[in-house]
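Handing you a structure now.
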Amino acid sequence: MTDDFSGLGLSSKVTDAVAAAGYNKPTEIQAQAIPHLLQKKDLIGIAQTGTGKTASFVLPMLTLLEAGRARARMPRTLILEPTRELAAQVSENFEKYGKNHRLSMALIIGGVSFEDQNRKLDRGVDVLIATPGRLLDQFDRGKILLTGVEILVIDEADRMLDMGFIDDIEKIVSRLPPRRQTMLFSATMDGQIERLTKKFLKDPVHVQVSRAASTADTIDQKLVKVSSKPDEKRAALRARIDASEGLTNAIIFCNRKRDVATLARSLQRHKYSAGALHGDMDQKSRMETLDAFKTNKLTLLVASDVAARGLDIPAVSHVFNFDVPVHAEDYVHRIGRTGRAGRSGVAYTLVSSADTKHLEAILKLIQKPIDWLEPGNAAAPAAAVAEEKPAKKAPSRRRGKAEADAAEPAKPAARKEKPSRTSARKPAEVEAAKEQADTVDTKGNPFGDAGPIPAFLLRATRTT
(Lines give C-alpha, C1' and ligand atoms only; values in the text may rest on other atoms or scores of the structure.)
Protein backbone atom coordinates (compact mmCIF):
# COMPACT_ATOMS: atom_id res chain seq x y z
CA MET A 1 0.00 0.00 0.00
CA THR A 2 1.47 3.33 -1.09
CA ASP A 3 2.22 5.94 1.55
CA ASP A 4 0.85 8.92 -0.39
CA PHE A 5 -1.35 9.80 -3.35
CA SER A 6 1.56 10.65 -5.64
CA GLY A 7 2.33 6.96 -6.18
CA LEU A 8 -1.14 6.03 -7.45
CA GLY A 9 -0.80 7.50 -10.94
CA LEU A 10 -3.17 10.43 -10.45
CA SER A 11 -2.57 13.67 -12.32
CA SER A 12 -0.78 16.55 -10.61
CA LYS A 13 -3.97 18.64 -10.67
CA VAL A 14 -5.73 15.96 -8.61
CA THR A 15 -2.91 15.31 -6.15
CA ASP A 16 -2.53 19.06 -5.55
CA ALA A 17 -6.26 19.34 -4.78
CA VAL A 18 -6.08 16.35 -2.42
CA ALA A 19 -3.14 17.86 -0.57
CA ALA A 20 -4.97 21.20 -0.32
CA ALA A 21 -7.92 19.34 1.24
CA GLY A 22 -5.58 18.07 3.96
CA TYR A 23 -5.25 14.42 2.93
CA ASN A 24 -1.82 12.86 2.72
CA LYS A 25 -2.31 9.10 2.85
CA PRO A 26 -4.87 7.12 0.82
CA THR A 27 -7.20 4.70 2.54
CA GLU A 28 -6.97 1.01 1.75
CA ILE A 29 -9.85 1.03 -0.74
CA GLN A 30 -8.36 4.07 -2.49
CA ALA A 31 -4.88 2.56 -2.68
CA GLN A 32 -6.20 -0.69 -4.17
CA ALA A 33 -8.91 0.66 -6.49
CA ILE A 34 -7.38 3.79 -8.05
CA PRO A 35 -4.54 2.13 -10.06
CA HIS A 36 -7.02 -0.33 -11.65
CA LEU A 37 -9.50 2.43 -12.47
CA LEU A 38 -6.81 4.55 -14.10
CA GLN A 39 -6.18 1.55 -16.41
CA LYS A 40 -9.89 1.80 -17.37
CA LYS A 41 -10.77 -1.60 -15.91
CA ASP A 42 -14.22 -2.49 -14.59
CA LEU A 43 -14.19 -2.79 -10.82
CA ILE A 44 -16.23 -4.07 -7.89
CA GLY A 45 -15.28 -2.29 -4.68
CA ILE A 46 -16.46 -3.72 -1.34
CA ALA A 47 -15.57 -1.83 1.81
CA GLN A 48 -17.27 -0.94 5.05
CA THR A 49 -18.79 2.50 5.27
CA GLY A 50 -16.51 5.41 6.15
CA THR A 51 -13.44 4.05 4.34
CA GLY A 52 -13.32 6.61 1.53
CA LYS A 53 -15.17 4.83 -1.29
CA THR A 54 -16.34 8.12 -2.83
CA ALA A 55 -12.84 9.49 -3.35
CA SER A 56 -11.71 6.13 -4.70
CA PHE A 57 -13.78 6.72 -7.84
CA VAL A 58 -13.89 10.55 -7.91
CA LEU A 59 -10.10 10.98 -8.00
CA PRO A 60 -9.34 8.64 -10.94
CA MET A 61 -12.42 9.92 -12.79
CA LEU A 62 -11.09 13.47 -12.61
CA THR A 63 -7.75 12.31 -14.03
CA LEU A 64 -9.42 10.39 -16.88
CA LEU A 65 -11.69 13.32 -17.78
CA GLU A 66 -8.81 15.76 -18.29
CA ALA A 67 -8.69 14.59 -21.90
CA GLY A 68 -11.85 15.23 -23.87
CA ARG A 69 -14.75 17.65 -23.96
CA ALA A 70 -18.43 17.53 -23.06
CA ARG A 71 -21.16 17.90 -25.69
CA ALA A 72 -24.67 19.25 -25.26
CA ARG A 73 -27.04 16.81 -23.52
CA MET A 74 -24.40 14.06 -23.72
CA PRO A 75 -22.66 13.57 -20.36
CA ARG A 76 -19.31 11.83 -20.40
CA THR A 77 -19.71 10.10 -17.04
CA LEU A 78 -22.73 8.97 -15.04
CA ILE A 79 -22.82 8.37 -11.28
CA LEU A 80 -25.96 6.76 -9.86
CA GLU A 81 -26.79 7.30 -6.19
CA PRO A 82 -29.76 5.93 -4.20
CA THR A 83 -30.62 9.18 -2.36
CA ARG A 84 -30.51 12.91 -2.96
CA GLU A 85 -28.19 13.42 0.00
CA LEU A 86 -25.61 10.98 -1.33
CA ALA A 87 -25.78 12.55 -4.77
CA ALA A 88 -25.25 16.00 -3.26
CA GLN A 89 -22.31 14.70 -1.26
CA VAL A 90 -20.60 13.27 -4.35
CA SER A 91 -21.04 16.63 -6.09
CA GLU A 92 -19.29 18.27 -3.13
CA ASN A 93 -16.38 15.85 -3.58
CA PHE A 94 -16.08 16.80 -7.25
CA GLU A 95 -16.04 20.49 -6.36
CA LYS A 96 -13.39 19.94 -3.69
CA TYR A 97 -11.05 17.67 -5.65
CA GLY A 98 -11.79 19.15 -9.08
CA LYS A 99 -11.03 22.76 -8.19
CA ASN A 100 -8.01 22.74 -10.53
CA HIS A 101 -10.10 21.48 -13.44
CA ARG A 102 -12.59 23.15 -15.73
CA LEU A 103 -14.99 20.25 -15.76
CA SER A 104 -18.74 20.84 -15.77
CA MET A 105 -21.10 18.92 -13.52
CA ALA A 106 -24.87 18.54 -13.14
CA LEU A 107 -26.83 17.17 -10.19
CA ILE A 108 -30.04 15.49 -11.35
CA ILE A 109 -32.17 14.76 -8.28
CA GLY A 110 -35.78 15.16 -7.21
CA GLY A 111 -36.98 18.21 -5.34
CA VAL A 112 -35.02 20.58 -7.61
CA SER A 113 -36.37 22.64 -10.50
CA PHE A 114 -36.25 20.93 -13.90
CA GLU A 115 -35.42 24.27 -15.53
CA ASP A 116 -32.17 24.72 -13.58
CA GLN A 117 -31.11 21.20 -14.46
CA ASN A 118 -32.06 21.63 -18.13
CA ARG A 119 -29.88 24.71 -18.53
CA LYS A 120 -26.83 22.77 -17.41
CA LEU A 121 -27.65 19.77 -19.57
CA ASP A 122 -28.13 21.97 -22.64
CA ARG A 123 -24.63 23.39 -22.21
CA GLY A 124 -23.16 19.90 -21.83
CA VAL A 125 -21.68 18.30 -18.71
CA ASP A 126 -18.65 16.15 -18.08
CA VAL A 127 -20.05 14.62 -14.91
CA LEU A 128 -23.69 13.72 -14.34
CA ILE A 129 -24.65 12.70 -10.78
CA ALA A 130 -28.20 11.43 -10.50
CA THR A 131 -30.82 9.43 -8.65
CA PRO A 132 -32.43 6.82 -10.93
CA GLY A 133 -36.00 8.15 -10.88
CA ARG A 134 -35.18 11.75 -11.83
CA LEU A 135 -32.68 10.62 -14.46
CA LEU A 136 -35.34 8.53 -16.22
CA ASP A 137 -37.75 11.49 -16.02
CA GLN A 138 -35.23 13.68 -17.83
CA PHE A 139 -34.47 10.98 -20.36
CA ASP A 140 -38.17 10.53 -21.16
CA ARG A 141 -38.43 14.32 -21.64
CA GLY A 142 -35.69 14.13 -24.25
CA LYS A 143 -33.28 16.23 -22.18
CA ILE A 144 -30.49 13.65 -21.88
CA LEU A 145 -28.69 11.40 -24.34
CA LEU A 146 -26.70 8.63 -22.67
CA THR A 147 -24.90 7.35 -25.76
CA GLY A 148 -21.77 9.35 -24.92
CA VAL A 149 -21.21 7.96 -21.42
CA GLU A 150 -17.67 6.65 -21.05
CA ILE A 151 -17.73 5.83 -17.34
CA LEU A 152 -20.61 4.48 -15.21
CA VAL A 153 -20.54 4.35 -11.41
CA ILE A 154 -23.21 2.47 -9.45
CA ASP A 155 -22.64 3.62 -5.89
CA GLU A 156 -24.14 1.99 -2.77
CA ALA A 157 -25.36 -0.87 -4.93
CA ASP A 158 -26.85 -2.85 -2.05
CA ARG A 159 -28.89 0.16 -1.00
CA MET A 160 -30.10 0.58 -4.58
CA LEU A 161 -31.48 -2.94 -4.46
CA ASP A 162 -33.05 -2.47 -1.03
CA MET A 163 -34.88 0.63 -2.30
CA GLY A 164 -36.27 -1.20 -5.32
CA PHE A 165 -34.18 0.56 -7.99
CA ILE A 166 -33.12 -2.61 -9.80
CA ASP A 167 -35.60 -2.12 -12.68
CA ASP A 168 -34.63 1.54 -13.08
CA ILE A 169 -30.94 0.66 -13.14
CA GLU A 170 -31.51 -1.95 -15.83
CA LYS A 171 -33.43 0.58 -17.94
CA ILE A 172 -30.64 3.13 -17.56
CA VAL A 173 -27.81 0.70 -18.33
CA SER A 174 -29.66 -0.54 -21.43
CA ARG A 175 -29.40 3.02 -22.82
CA LEU A 176 -25.63 3.25 -22.30
CA PRO A 177 -23.02 2.32 -24.90
CA PRO A 178 -21.64 -1.21 -24.43
CA ARG A 179 -18.06 0.06 -24.64
CA ARG A 180 -17.69 1.82 -21.31
CA GLN A 181 -15.93 1.48 -17.98
CA THR A 182 -18.22 0.40 -15.12
CA MET A 183 -17.55 0.67 -11.40
CA LEU A 184 -19.76 -0.80 -8.69
CA PHE A 185 -19.26 0.11 -5.05
CA SER A 186 -21.04 -1.27 -2.03
CA ALA A 187 -20.59 -1.88 1.69
CA THR A 188 -22.06 -5.39 1.46
CA MET A 189 -22.14 -8.12 -1.15
CA ASP A 190 -24.84 -10.71 -1.70
CA GLY A 191 -26.08 -13.00 -4.45
CA GLN A 192 -28.27 -10.37 -6.08
CA ILE A 193 -25.39 -7.93 -6.40
CA GLU A 194 -23.22 -10.68 -7.86
CA ARG A 195 -25.87 -11.22 -10.53
CA LEU A 196 -25.80 -7.48 -11.24
CA THR A 197 -22.05 -7.50 -11.69
CA LYS A 198 -22.22 -10.40 -14.15
CA LYS A 199 -24.83 -8.53 -16.16
CA PHE A 200 -23.29 -5.03 -16.21
CA LEU A 201 -19.52 -5.49 -15.78
CA LYS A 202 -16.91 -7.15 -18.01
CA ASP A 203 -14.07 -9.08 -16.34
CA PRO A 204 -14.12 -6.79 -13.28
CA VAL A 205 -11.33 -6.45 -10.77
CA HIS A 206 -12.63 -7.37 -7.32
CA VAL A 207 -11.33 -5.19 -4.46
CA GLN A 208 -12.45 -5.99 -0.93
CA VAL A 209 -10.70 -4.31 1.96
CA SER A 210 -12.81 -5.73 4.78
CA ARG A 211 -15.09 -8.66 5.33
CA ALA A 212 -18.50 -7.90 3.85
CA ALA A 213 -20.89 -6.44 6.42
CA SER A 214 -18.22 -5.98 9.10
CA THR A 215 -18.31 -3.19 11.63
CA ALA A 216 -15.36 -0.92 12.44
CA ASP A 217 -13.27 -1.79 15.49
CA THR A 218 -13.30 1.88 16.48
CA ILE A 219 -17.01 1.67 17.40
CA ASP A 220 -18.02 0.67 20.93
CA GLN A 221 -21.31 -1.19 20.44
CA LYS A 222 -23.86 -1.74 23.22
CA LEU A 223 -27.39 -3.15 23.50
CA VAL A 224 -29.92 -1.53 25.83
CA LYS A 225 -32.98 -3.47 27.02
CA VAL A 226 -36.10 -1.28 26.88
CA SER A 227 -39.86 -1.52 27.12
CA SER A 228 -41.88 -1.78 23.94
CA LYS A 229 -44.23 0.98 25.17
CA PRO A 230 -43.48 4.14 23.13
CA ASP A 231 -43.44 6.63 26.02
CA GLU A 232 -41.21 4.39 28.16
CA LYS A 233 -38.93 3.73 25.20
CA ARG A 234 -38.53 7.46 24.54
CA ALA A 235 -37.75 8.00 28.23
CA ALA A 236 -35.09 5.27 28.05
CA LEU A 237 -33.52 7.00 25.04
CA ARG A 238 -33.37 10.34 26.87
CA ALA A 239 -31.78 8.66 29.89
CA ARG A 240 -29.16 7.02 27.69
CA ILE A 241 -28.40 10.32 25.93
CA ASP A 242 -27.97 12.06 29.28
CA ALA A 243 -25.71 9.28 30.59
CA SER A 244 -23.47 9.15 27.51
CA GLU A 245 -20.00 10.51 28.18
CA GLY A 246 -18.33 12.61 25.51
CA LEU A 247 -21.47 13.05 23.42
CA THR A 248 -20.94 16.01 21.12
CA ASN A 249 -23.56 15.08 18.54
CA ALA A 250 -25.54 11.99 17.58
CA ILE A 251 -27.73 10.46 14.90
CA ILE A 252 -30.82 8.63 16.14
CA PHE A 253 -32.30 6.11 13.70
CA CYS A 254 -35.93 5.07 13.44
CA ASN A 255 -37.39 2.47 11.09
CA ARG A 256 -40.44 4.51 10.02
CA LYS A 257 -40.62 8.06 8.74
CA ARG A 258 -43.61 8.94 10.92
CA ASP A 259 -41.69 7.84 14.01
CA VAL A 260 -38.83 10.14 13.02
CA ALA A 261 -41.08 13.19 13.21
CA THR A 262 -42.75 12.02 16.44
CA LEU A 263 -39.45 11.35 18.21
CA ALA A 264 -37.91 14.63 17.06
CA ARG A 265 -40.90 16.59 18.43
CA SER A 266 -40.69 14.67 21.70
CA LEU A 267 -37.00 15.51 22.12
CA GLN A 268 -37.67 19.15 21.30
CA ARG A 269 -40.42 19.28 23.96
CA HIS A 270 -37.88 17.99 26.47
CA LYS A 271 -35.50 20.83 25.52
CA TYR A 272 -33.05 18.80 23.42
CA SER A 273 -31.45 20.36 20.34
CA ALA A 274 -32.97 17.98 17.77
CA GLY A 275 -34.07 17.95 14.15
CA ALA A 276 -35.68 15.42 11.80
CA LEU A 277 -34.50 14.03 8.45
CA HIS A 278 -36.60 11.63 6.38
CA GLY A 279 -37.63 10.99 2.79
CA ASP A 280 -41.00 12.77 2.89
CA MET A 281 -39.40 16.16 3.60
CA ASP A 282 -38.88 18.51 0.68
CA GLN A 283 -35.33 18.84 -0.57
CA LYS A 284 -34.82 22.36 0.80
CA SER A 285 -35.83 21.32 4.34
CA ARG A 286 -33.67 18.20 4.17
CA MET A 287 -30.58 20.11 3.13
CA GLU A 288 -31.16 22.84 5.73
CA THR A 289 -31.51 20.26 8.51
CA LEU A 290 -28.44 18.36 7.38
CA ASP A 291 -26.40 21.56 7.15
CA ALA A 292 -27.51 22.59 10.66
CA PHE A 293 -26.31 19.24 12.00
CA LYS A 294 -23.00 19.41 10.12
CA THR A 295 -22.33 22.91 11.47
CA ASN A 296 -23.23 21.91 15.06
CA LYS A 297 -26.37 24.05 15.20
CA LEU A 298 -28.22 20.79 15.97
CA THR A 299 -26.90 18.23 18.45
CA LEU A 300 -29.27 15.37 17.66
CA LEU A 301 -30.39 14.31 14.19
CA VAL A 302 -33.37 11.94 14.19
CA ALA A 303 -33.37 10.15 10.85
CA SER A 304 -34.71 7.31 8.79
CA ASP A 305 -32.31 5.15 6.80
CA VAL A 306 -32.02 7.95 4.26
CA ALA A 307 -29.13 9.14 6.47
CA ALA A 308 -27.57 5.72 7.01
CA ARG A 309 -25.51 5.52 3.84
CA GLY A 310 -22.45 7.46 2.91
CA LEU A 311 -23.23 10.88 4.37
CA ASP A 312 -19.94 12.63 4.99
CA ILE A 313 -20.26 13.74 8.62
CA PRO A 314 -16.93 12.53 10.00
CA ALA A 315 -17.20 13.78 13.58
CA VAL A 316 -20.40 12.06 14.81
CA SER A 317 -19.64 10.88 18.34
CA HIS A 318 -22.69 8.66 18.94
CA VAL A 319 -25.33 6.67 17.09
CA PHE A 320 -28.57 5.52 18.71
CA ASN A 321 -30.74 2.87 17.09
CA PHE A 322 -34.11 3.82 18.56
CA ASP A 323 -35.47 0.91 16.50
CA VAL A 324 -33.57 -2.27 15.71
CA PRO A 325 -33.28 -2.24 11.91
CA VAL A 326 -35.41 -4.76 10.04
CA HIS A 327 -32.59 -5.50 7.58
CA ALA A 328 -29.39 -6.60 9.28
CA GLU A 329 -27.22 -4.82 6.70
CA ASP A 330 -28.75 -1.50 7.73
CA TYR A 331 -27.23 -1.93 11.20
CA VAL A 332 -23.76 -1.87 9.65
CA HIS A 333 -24.52 1.30 7.72
CA ARG A 334 -26.21 3.07 10.63
CA ILE A 335 -23.47 2.59 13.18
CA GLY A 336 -20.90 3.37 10.48
CA ARG A 337 -21.94 7.03 10.82
CA THR A 338 -19.69 7.12 13.89
CA GLY A 339 -16.11 5.92 14.39
CA ARG A 340 -15.10 7.29 10.98
CA ALA A 341 -11.62 8.19 9.72
CA GLY A 342 -9.90 6.52 12.67
CA ARG A 343 -12.00 8.30 15.32
CA SER A 344 -13.66 6.39 18.14
CA GLY A 345 -17.43 6.22 18.32
CA VAL A 346 -20.26 4.75 20.37
CA ALA A 347 -23.38 2.98 19.10
CA TYR A 348 -26.34 2.09 21.33
CA THR A 349 -29.21 -0.09 20.11
CA LEU A 350 -32.49 -0.08 22.06
CA VAL A 351 -33.94 -3.59 22.10
CA SER A 352 -37.41 -4.71 23.24
CA SER A 353 -38.79 -8.23 23.43
CA ALA A 354 -40.30 -7.86 19.94
CA ASP A 355 -36.85 -7.30 18.39
CA THR A 356 -35.32 -10.70 19.14
CA LYS A 357 -35.48 -12.01 15.56
CA HIS A 358 -33.91 -8.89 14.03
CA LEU A 359 -31.19 -8.79 16.68
CA GLU A 360 -30.27 -12.42 15.99
CA ALA A 361 -29.95 -11.61 12.27
CA ILE A 362 -27.59 -8.72 13.06
CA LEU A 363 -25.37 -10.84 15.29
CA LYS A 364 -25.24 -13.54 12.63
CA LEU A 365 -24.27 -11.00 9.97
CA ILE A 366 -21.51 -9.18 11.84
CA GLN A 367 -20.21 -12.39 13.44
CA LYS A 368 -19.28 -10.77 16.71
CA PRO A 369 -21.08 -10.43 20.05
CA ILE A 370 -22.49 -7.14 21.31
CA ASP A 371 -22.53 -6.55 25.07
CA TRP A 372 -25.74 -5.72 26.89
CA LEU A 373 -25.88 -2.64 29.05
CA GLU A 374 -27.96 -2.49 32.20
CA PRO A 375 -28.36 0.41 34.66
CA GLY A 376 -24.99 0.82 36.32
CA ASN A 377 -23.16 -0.28 33.13
CA ALA A 378 -23.40 -3.96 34.04
CA ALA A 379 -23.32 -6.47 31.23
CA ALA A 380 -26.64 -8.25 30.88
CA PRO A 381 -26.87 -11.89 29.82
CA ALA A 382 -27.34 -12.48 26.12
CA ALA A 383 -30.80 -13.94 26.68
CA ALA A 384 -32.07 -10.88 28.54
CA VAL A 385 -34.12 -9.65 25.64
CA ALA A 386 -36.15 -12.84 25.65
CA GLU A 387 -37.00 -12.51 29.35
CA GLU A 388 -39.35 -9.62 28.81
CA LYS A 389 -42.69 -11.01 27.75
CA PRO A 390 -44.92 -8.82 25.64
CA ALA A 391 -47.77 -7.35 27.63
CA LYS A 392 -50.99 -9.24 27.11
CA LYS A 393 -53.43 -7.44 24.93
CA ALA A 394 -56.75 -6.55 26.41
CA PRO A 395 -59.21 -9.12 25.11
CA SER A 396 -61.63 -7.87 22.56
CA ARG A 397 -65.28 -7.93 23.50
CA ARG A 398 -65.87 -10.91 21.22
CA ARG A 399 -62.80 -12.85 22.40
CA GLY A 400 -63.41 -11.97 26.05
CA LYS A 401 -66.95 -13.34 25.90
CA ALA A 402 -65.78 -16.56 24.26
CA GLU A 403 -63.12 -17.06 26.97
CA ALA A 404 -65.68 -16.40 29.72
CA ASP A 405 -68.10 -18.86 28.19
CA ALA A 406 -65.39 -21.50 28.10
CA ALA A 407 -64.45 -20.89 31.73
CA GLU A 408 -67.86 -21.55 33.32
CA PRO A 409 -71.15 -23.11 32.33
CA ALA A 410 -73.47 -20.79 30.51
CA LYS A 411 -76.38 -19.43 32.46
CA PRO A 412 -79.78 -19.37 30.83
CA ALA A 413 -80.51 -15.91 29.52
CA ALA A 414 -83.70 -14.22 30.62
CA ARG A 415 -85.78 -13.51 27.59
CA LYS A 416 -89.36 -13.28 26.47
CA GLU A 417 -90.95 -16.54 25.74
CA LYS A 418 -91.86 -16.98 22.13
CA PRO A 419 -94.33 -19.51 20.88
CA SER A 420 -92.47 -22.63 19.91
CA ARG A 421 -93.03 -24.35 16.66
CA THR A 422 -94.46 -27.32 18.49
CA SER A 423 -97.30 -25.21 19.93
CA ALA A 424 -98.75 -24.92 16.45
CA ARG A 425 -98.88 -28.65 16.04
CA LYS A 426 -101.82 -30.86 16.67
CA PRO A 427 -102.13 -32.20 20.26
CA ALA A 428 -101.30 -35.71 19.11
CA GLU A 429 -98.03 -34.55 17.51
CA VAL A 430 -97.07 -32.63 20.64
CA GLU A 431 -97.62 -35.63 22.84
CA ALA A 432 -95.62 -37.81 20.48
CA ALA A 433 -92.75 -35.31 20.54
CA LYS A 434 -92.73 -35.24 24.34
CA GLU A 435 -92.68 -38.97 24.49
CA GLN A 436 -89.79 -39.07 22.00
CA ALA A 437 -87.87 -36.52 24.05
CA ASP A 438 -88.30 -38.51 27.22
CA THR A 439 -86.90 -41.61 25.56
CA VAL A 440 -83.84 -39.95 23.85
CA ASP A 441 -80.53 -41.38 25.08
CA THR A 442 -78.72 -38.22 26.27
CA LYS A 443 -75.45 -40.13 26.43
CA GLY A 444 -75.62 -40.43 22.69
CA ASN A 445 -76.31 -36.72 22.26
CA PRO A 446 -73.52 -35.46 19.94
CA PHE A 447 -73.99 -31.92 21.25
CA GLY A 448 -72.85 -32.76 24.79
CA ASP A 449 -74.41 -34.50 27.76
CA ALA A 450 -75.69 -31.33 29.37
CA GLY A 451 -76.38 -29.43 26.16
CA PRO A 452 -79.84 -28.74 24.86
CA ILE A 453 -81.20 -31.07 22.20
CA PRO A 454 -81.94 -29.21 18.97
CA ALA A 455 -85.61 -28.76 18.21
CA PHE A 456 -85.45 -30.58 14.89
CA LEU A 457 -84.57 -33.79 16.74
CA LEU A 458 -87.71 -33.44 18.83
CA ARG A 459 -90.13 -33.27 15.93
CA ALA A 460 -92.51 -36.15 15.49
CA THR A 461 -91.81 -38.37 12.58
CA ARG A 462 -94.69 -38.43 10.15
CA THR A 463 -95.99 -41.79 9.07
CA THR A 464 -97.88 -42.46 5.93
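The values are calculated or read from the model by the stated rules, or taken from the named source; none is laboratory data. Since this is a predicted model, take the numbers as computed values, not measurements. A quick note on method: Cβ atoms are made from the backbone with ideal geometry, for glycine too, and the neighbour counts reach across all protein chains shown.
Against the condition aromatic (Phe, Trp, Tyr), under 11 Å from the mean Cα position of the chain (by Cα), crowded, with 21+ Cβ neighbours inside 10 Å and at pLDDT 90 or above, how does residue 348 come out, does it pass?
no
Scan 134, 119, 159 and give me the residue that is assigned to a helix (DSSP H, G or I), charged (D, E, K, R) and touching a Gly at 6+ places or on another chain (Cβ under 6 Å). So that I can check it myself, show each step before the final result.
Values: 119 fails: touching a Gly at 6+ places or on another chain (Cβ under 6 Å); 159 fails: touching a Gly at 6+ places or on another chain (Cβ under 6 Å).
It is 134.
Something else now. Check 286, 256, 240 and return the single one that is on the phi < 0 side of the Ramachandran plot, of a type in the set (Lys, Arg) and more than 22 Å from the chain's Cα centre (by Cα). Break it down stepwise before answering.
Numbers: 286 fails: more than 22 Å from the chain's Cα centre (by Cα); 256 fails: more than 22 Å from the chain's Cα centre (by Cα).
One residue alone meets the criteria, 240.
Another question, if that's okay. Tally up the residues in region 5-36 that are in contact with a Lys or Arg (Cβ under 6 Å, 6 or more places away or on another chain) and either outside any helix (DSSP H, G or I) or polar (S, T, N, Q) (or both), please.
Within region 5-36, residues that are in contact with a Lys or Arg (Cβ under 6 Å, 6 or more places away or on another chain) and either outside any helix (DSSP H, G or I) or polar (S, T, N, Q) (or both) number 1.
Here's a check for you: in region 33-51, which residue that is modelled with pLDDT under 95 and of a type in the set (S, T, N, Q) is surrounded by the most Cβ atoms within 10 Å (Cβ to Cβ)?
Of everything passing the filter in region 33-51, 49 is surrounded by the most Cβ atoms within 10 Å (Cβ to Cβ).
Given the options 68, 111, name the one that is surrounded by fewer than 23 Cβ atoms within 10 Å (Cβ to Cβ), assigned by TED's automatic domain parsing to the domain that holds residue 133, more than 12 Å from residue 14 (Cβ to Cβ) and out of contact with any helix residue (DSSP H, G or I) (no Cβ under 8 Å at 6 or more places or on another chain).
Values: 111 fails: out of contact with any helix residue (DSSP H, G or I) (no Cβ under 8 Å at 6 or more places or on another chain).
Of 68, 111, the one residue that is surrounded by fewer than 23 Cβ atoms within 10 Å (Cβ to Cβ), assigned by TED's automatic domain parsing to the domain that holds residue 133, more than 12 Å from residue 14 (Cβ to Cβ) and out of contact with any helix residue (DSSP H, G or I) (no Cβ under 8 Å at 6 or more places or on another chain) is 68.
Continuing with the same structure: Would you say residue 264 is surrounded by 14 or more Cβ atoms within 10 Å (Cβ to Cβ) and at pLDDT 95 or above? First the steps, then the outcome.
Values: surrounded by 14 or more Cβ atoms within 10 Å (Cβ to Cβ): yes; at pLDDT 95 or above: yes.
Answer is yes for this residue.
Looking at the structure I just gave you, is residue 286 outside any strand (DSSP E or B) and in contact with an Asp or Glu (Cβ under 8 Å, 6 or more places away or on another chain)?
Working: outside any strand (DSSP E or B): yes; in contact with an Asp or Glu (Cβ under 8 Å, 6 or more places away or on another chain): yes.
When the stated conditions are applied, residue 286 passes them.
Looking only at region 85-141, count every residue that is under 28 Å from the mean Cα position of the chain (by Cα) and of a type in the set (D, E, K, R) and tell me the total.
Result for region 85-141: 4.
Given (1) of a type in the set (Asp, Glu); (2) without any contact (Cβ under 8 Å) to a residue 24 or more places away in the chain; (3) assigned by TED's automatic domain parsing to the domain that holds residue 35, where does residue 203 come up short, assuming only one miss?
Here residue 203 clears every test but (2).
Follow-up. Go through (1) within 23 Å of residue 165 (Cβ to Cβ); (2) touching a residue at least 40 places away in the same chain (Cβ under 8 Å); (3) not small (Gly, Ala, Ser) for residue 64 and report which single condition fails.
Here residue 64 meets the rest and fails (1).
Right, next: Does residue 146 meet the test of being farther than 22 Å from residue 279 by Cβ, in a strand (DSSP E or B) and not assigned by TED's automatic domain parsing to the domain that holds residue 304? Steps first, please.
On the way: farther than 22 Å from residue 279 by Cβ: yes; in a strand (DSSP E or B): no; not assigned by TED's automatic domain parsing to the domain that holds residue 304: yes.
Answer is no for this residue.
Can you confirm whether residue 62 is in a loop (DSSP other than H, G, I, E, B), in contact with a Phe, Trp or Tyr (Cβ under 8 Å, 6 or more places away or on another chain) and closer than 15 Å to residue 13 by Cα? Full working, then the answer.
Numbers: in a loop (DSSP other than H, G, I, E, B): no; in contact with a Phe, Trp or Tyr (Cβ under 8 Å, 6 or more places away or on another chain): yes; closer than 15 Å to residue 13 by Cα: yes.
Spelling it out, it is not the case that residue 62 is in a loop (DSSP other than H, G, I, E, B), in contact with a Phe, Trp or Tyr (Cβ under 8 Å, 6 or more places away or on another chain) and closer than 15 Å to residue 13 by Cα.
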